[in-house]
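Novice: Below is a structure I'd like to ask you about.
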2 protein chains.
Amino acid sequence: MKLASLSHGREGRLVVVSADLTRATDAFPVVATLQAALDDWERLAPRLADLAEGLEHGSVPSFRFHEHDCAAPLPRAFQWLDGSAYVNHVELARKARGAAMPENFWTDPLMYQGGSDAPLAPRAPIHARSEEDGIDFEAEIAVITGDVPMGATREQALAAIRLVMLANDVSLRNRIPSELAKGFGFIQSKPSTSFSPVAVTPGALGSAWRDGKLHRPLLAQLNGAPFGRPDAGTDMTFDFGTLIAHAAATRRLSAGTIIGSGTVSNRDADGGPGKPVAEGGVGYACIAEQRMVETLRQGEPKTSFLRFGDTVRIEMKDADGHSIFGAIEQEVLPHD
Amino acid sequence: MKLASLSHGREGRLVVVSADLTRATDAFPVVATLQAALDDWERLAPRLADLAEGLEHGSVPSFRFHEHDCAAPLPRAFQWLDGSAYVNHVELARKARGAAMPENFWTDPLMYQGGSDAPLAPRAPIHARSEEDGIDFEAEIAVITGDVPMGATREQALAAIRLVMLANDVSLRNRIPSELAKGFGFIQSKPSTSFSPVAVTPGALGSAWRDGKLHRPLLAQLNGAPFGRPDAGTDMTFDFGTLIAHAAATRRLSAGTIIGSGTVSNRDADGGPGKPVAEGGVGYACIAEQRMVETLRQGEPKTSFLRFGDTVRIEMKDADGHSIFGAIEQEVLPHD
């Protein structure tokens, strides 16, 4: 089943979307918003699934689905916790600035609590106050959970995953070092995150969803050119069950909690840092990682962070080349 | 005007509470939940104020108000950002562990993004998995904002404050050092926060609310004995306008955002660390601070963190000795 929230007021208007993303039907006969659906998922999900089946069969009223009409699947959410599950990315970042990575980073997930009150729609511009902030994208996988009890096991956590989507964890790189030094996490260096138009149930992802990971290349484009296509199922040190259990260690998580994977990152076939797409590598899911690799290989970064007018596109395709979640596509613009 | 959310489903049931906290009237004729009221505050607040006036005059139906029937004013919230505005507290923490405090801590607020999806009701137990985690309370002031645009000035931020309340930022002290070292903020060391039964408009706080600060002693009790009574208007380095503007520097904040002051903390009259209540001082708004002062004065901490069965009470009284927000009163219990 695929769900989306059309832009409409603060909560959006929940629609069920066809598997091929061409048509949608209003979920209103069942439930008006995605948060309300998540609040009572056991009862409502089967009824939404009936609508999805009717949509495929043409037996319910439907309309043309346009990705650019979408808000984030949860147009505002009660929680957004973003992990750093691809430890390769973290290790590269450390190497590039000559710092050792603590050994426990391989066993104890990094995770930060992000702002969830005002996510960006998948086609909304990224408004930033200054290019000097080092504006970057981070292409990620994210899941939406049901209620998760305090102290949940990995298995309980996996069972609580309701929906899967893509995220662009917009980052202001030049504001990160001073916030990181304070230890309190990211406030100014992590503005609003954006999410894919469509959220998909794990069951509808088929064999691509297994072991708490999504095994497909995550496609990132910068100004229409391929920038990265790392596989989200490869080099993911902490699967989503482990990330959720980490978050729930000392507190319960409410239905509608979004958990992110962190920037998807693959090592090269030889075990070293991945190569750029231009050199036949899988490239990167953020500019910072390309800059890290440039620093390691050439002594300094060559690629600039995002400029006003740049466009980022993040998407994932199934084995037949069809978009699974629709595309995040955002232009970077100056804040008025 | 005073507002509370009675425990009812996930969103609570909004009531208007009398100034003396004895009676309440259902807000339902105007709006069902506090979040919905905040979403459309300009239009709805005057109508809620009419109910409040009717309540005082006995001209609307009312019922006895019981603080223990309350959920948090926002039973789930889209954002909780907690500052550390009482830099004295931060400086003491550093001194006690022999670390220097960076000079910019006096000019650049510390702030972390906390979990807002599952706040605790003011009389709900604090469930913890182990006393070994170093369970502590932190008595704070918190405000709820309306929509705040990106890049808001301090003055715009102050004007966006809709309600004021008290908070208990429950902390697991022994989990903090490892999370702080990672730089990504607090996930496991900051379980659910609790809030006072009642949230109060700045206007109803009279002269106690000025300069973006609440000028009254914040009363903390441990097992029925006074533990601290620092004045929340004293030694607050960053007022709420400054804290909100810091949070909104690179992103907008949605209506219903909660901003916390951090642990209230006063210096002693001689400029040194505050003295315990037992020695005639104003005491402390968390156990950690008493332990810091013990470490500085006696070489090691003497007071233990919270044990199962301990009870914490946090309250604030007006000049006539009447409770303003109702009391947070929580027993610490083992998690099942």
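Novice: Do the sum for chain A: with -39,500 (n - 2.57) for every DSSP H run of n ≥ 4, divided by all residues, what is the mean residue ellipticity at 222 nm, to the nearest 500 deg cm²/dmol?
Specialist: Values: 7 runs with 66 residues, N = 336.
The helix contribution divided over chain A gives -5500 deg cm²/dmol.
Novice: Going 7 Å from Cα along the Cα-Cβ axis for the label, what nanometre distances separate B:ASP270 from the same residue across the other copies?
Specialist: Sorted ascending, the copy-to-copy spacings read 6.7 nm.
Novice: Given H placed 1.01 Å from N in the peptide plane, which residues other than close sequence neighbours of B:LEU166 have an amide H under 5 Å from its amide H?
Specialist: Those qualifying (amide H under 5 Å, at least 5 residues apart or on another chain) are B:ALA142, B:SER196.
Novice: Could you derive backbone 3J(HN,Hα) for the stretch A:111-121 from the dihedral phi with the Karplus parameters 6.51, -1.76 and 1.60 (θ = phi - 60°), listing whole Hz in sequence and x where the residue is Gly or Pro?
Specialist: For the stretch A:111-121, the Karplus curve yields 7, 10, 8, x, x, 10, 6, 8, x, 8, 5 Hz.
Novice: Would you tell me the mean number of C-beta atoms belonging to other protein chains that fall within 10 Å of each C-beta in A:79-89, as a whole number?
Specialist: So the per-residue partner count for this stretch is 2.
Novice: Measure off 7 Å from each Cα along the Cα-to-Cβ vector at A:ASP318 and B:SER18, then give the distance between these two points in nanometres to one decimal.
Specialist: Inter-label distance under the simple model: 6.3 nm.
Novice: Based on the mean of other Cβ atoms within 10 Å per residue, sort peptides A:307-314, B:294-301, B:121-128 so the most packed one is first.
Specialist: On the way: A:307-314: 18.0, B:294-301: 12.6, B:121-128: 21.6.
Put in order of decreasing packing, that is B:121-128, A:307-314, B:294-301.
Novice: From the phi of every residue in the stretch B:60-75, what ³J(HN,Hα) in whole Hz does the Karplus formula 6.51 cos²θ - 1.76 cosθ + 1.60 yield, where θ is phi - 60° and glycine or proline is x?
Specialist: 10, x, 9, 9, 5, 9, 10, 4, 6, 8, 8, 8, 4, x, 9, x
Novice: What are the residues whose amide H is under 5 Å from the amide H of B:GLY274, where those residues sit 5 or more places off or on another chain and H is modelled from the backbone?
Specialist: Answer set, sorted by chain and number: B:ASP268.
Novice: While we're on this one: Kirkwood Rh and Cα-based Rg: tell me the resulting Rg over Rh for the protein assembly as shown, rounded to two decimals. All intermediate terms of the calculation are to be shown ahead of the outcome.
Specialist: Numbers: Rg = 24.9 Å, Rh = 25.6 Å.
My calculation of the ratio gives 0.97.
Novice: In terms of modelled amide H atoms, which long-range or inter-chain residues lie less than 5 Å from the amide H of A:ARG123?
Specialist: A:GLU329
Novice: With an 8 Å cut-off on Cα pairs and a minimum separation of 6 or more residues, tell me the relative contact order of the stretch B:103-239 in percent. Spell out each step's value before the answer.
Specialist: Details: 196 pairs, mean separation 32.5, N = 137.
It comes to 24 percent, rounded to a whole number.
Novice: Further question: Over chain B, what is the mean sequence separation of C-alpha contacts under 8 Å (at least six apart), divided by residue count, expressed as relative contact order in percent?
Specialist: Numbers: 841 pairs, mean separation 75.3, N = 336.
Once normalised by length, the contact order is 22 percent.
Novice: If you take the alpha carbon radius of gyration of the stretch B:271-336 and divide it by 2.2 N^0.38 Å, what ratio comes out, to two decimals?
Specialist: Values: Rg = 14.7 Å, N = 66, 2.2 N^0.38 = 10.8 Å.
With N residues counted in the stretch B:271-336, Rg over 2.2 N^0.38 Å equals 1.36.
Novice: Taking a cut-off of 18 Å, what percent of all Cα-Cα pairs in the stretch A:1-153 are separated by more than that? Mind dumping the intermediate values first?
Specialist: Working: 7901 of 11628 pairs.
Of all Cα-Cα pairs in the stretch A:1-153, 68 percent lie more than 18 Å apart.
Novice: Would you work out the relative contact order for the stretch B:214-336, in percent, from Cα pairs under 8 angstrom that are 6 or more residues apart? Don't jump to the answer; show the numbers that get you there.
Specialist: Values: 193 pairs, mean separation 33.0, N = 123.
Relative CO of the stretch B:214-336 lands at 27 percent.
Novice: Which order do peptides B:245-258, B:275-288 fall in by mean Cβ count within 10 Å, highest first? Intermediate results must be reported in sequence, preceding the final value.
Specialist: Details: B:245-258: 23.9, B:275-288: 20.4.
Result, highest mean Cβ count within 10 Å first: B:245-258, B:275-288.
Novice: Look at the axis of the rotation that sends chain B onto chain A, then give the chain B residue with the nearest Cβ and the distance in whole Å.
Specialist: B:GLY185, 1
Novice: With no solvent and one equal point scatterer per Cα, compute the Debye intensity ratio I(q)/I(0) for the stretch B:122-271 at 0.14 Å⁻¹ and report its log10, rounded to two decimals.
Specialist: -0.78
Novice: What net charge do the residues around B:ASP82 carry, taking every other residue with its C-beta under 13 Å from that of B:ASP82, with Lys and Arg at +1 and Asp and Glu at -1?
Specialist: After counting each charged neighbour, the total is -2.
Novice: If you plug each phi of the stretch B:164-176 into the Karplus form 6.51 cos²θ - 1.76 cosθ + 1.60 with θ = phi - 60°, what whole-Hz ³J(HN,Hα) values come out, in order, with x for Gly and Pro?
Specialist: Ordered by residue, 3J(HN,Hα) equals 10, 8, 9, 9, 10, 7, 4, 9, 10, 4, 6, 9, 5 Hz.
Novice: In whole angstrom, and with the biggest value first, how far do the Cα coordinates of the stretch A:102-194 range along each principal axis?
Specialist: 43, 36, 20
Novice: Largest first and in whole Å, what are the equivalent-ellipsoid semi-axes of chain A based on the Cα gyration tensor, each being the root of 5 times an eigenvalue?
Specialist: Square roots of five times the eigenvalues give 31, 22, 19 Å.
Every number in this text was worked out from the coordinates using simple rules, so none of it is lab data. Remember, it's a predicted structure, so these values are computed and weren't measured experimentally. Here Cβ is always computed from backbone atoms with ideal geometry, including for glycine, and neighbour counts include all displayed protein chains.
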